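The values are calculated or read from the model by the stated rules, or taken from the named source; none is laboratory data. Predicted model only: the values in this text are computed from it and were never measured. Virtual Cβ from ideal backbone geometry, glycine too; neighbours counted across all protein chains shown.
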Amino acid sequence: MTEYHIAVLVGSLRRESFNRKLASAMVRLAPADFSFSQVEIGDLPLYNQDDDTHPAASVQRLKGEIAAAHGLLFVTAEYNRSLPGVLKNAIDHASRPYGQSVWAGKPAGVLGASVGAIGTALAQQHLRNVLAYLDVPTLGQPEAFIHAREGLFDEAGNIGEGSRKFLQSWMERYVDWVKKHTA
């Protein structure tokens with residue numbers, strides 16, 4: 001049996017982030033042949049092209065984790081109608097120097113939660129634009145703009161009853177997407 005390792009990038013640094021909780025809960029919806037690990041992005045220096053020849057240890061670690069993954073799961077917050085700077089910084093680091101991107105060809109899924117009624121729709125759209133440029137095949141449907149409200153998570157931190165069927169279906173499509181693009 002093939003095992004698929006997925007690198008999870010959470011676009012929020014806050015300990016109690018809805019998106020960190022969502023990422024952890026989504027992992028529990030995946031089949032046994034999928035493993036997930038959240039990639040640390042909060043310790044990366046701000047991207048500076050001058051550092052391309054001697055990247056920081058945290059940048060080398062990031063690139064190694066992405067390169068080793070079979071797929072990517074982006075769970076992002078939305079800041080000022082776009083993706084968070086910390087996530088864009090990680091994307092920039094792992095795409096550089098030019099011609100040495102570790103993103104290319106890695107199948108991805110994108111979702112996110114927010115207290116706003118449209119979830120993280122605009123952040124996700126901006127992220128999808130960046131991923132398209134980086135040659136990251138990204139699951140298009142179903143889109144998952146999650147409204148973070150009471151009941152999204154149960155007491156154990158799992159997806160609550162009201163959203164479980166939809167998010168389980170999303171995970172099944174994502175699993176198929178990864179398998180299709182890693183075959």
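For the reader, a short list of remarks on this structure follows.
- Any hit, region 47-56, residues being touching a helix residue (DSSP H, G or I) at 6+ places or on another chain (Cβ under 6 Å) and crowded, with 20+ Cβ neighbours inside 10 Å: no
- Tally of residues being in contact (Cβ under 8 Å) with a residue 60 or more places away in the chain and either over 15 Å from residue 20 (Cα atoms) or assigned to a loop (DSSP other than H, G, I, E, B) (or both) across region 145-163: 4
- Residue 104 being within 23 Å of residue 174 (Cα to Cα), among the small types (Gly, Ala, Ser), at pLDDT 95 or above and in contact with a strand residue (DSSP E or B) (Cβ under 9 Å, 6 or more places away or on another chain): no
- Boolean, residue 126 is farther than 19 Å from residue 23 by Cα, in a helix (DSSP H, G or I) and in contact with a Pro (Cβ under 8 Å, 6 or more places away or on another chain): no
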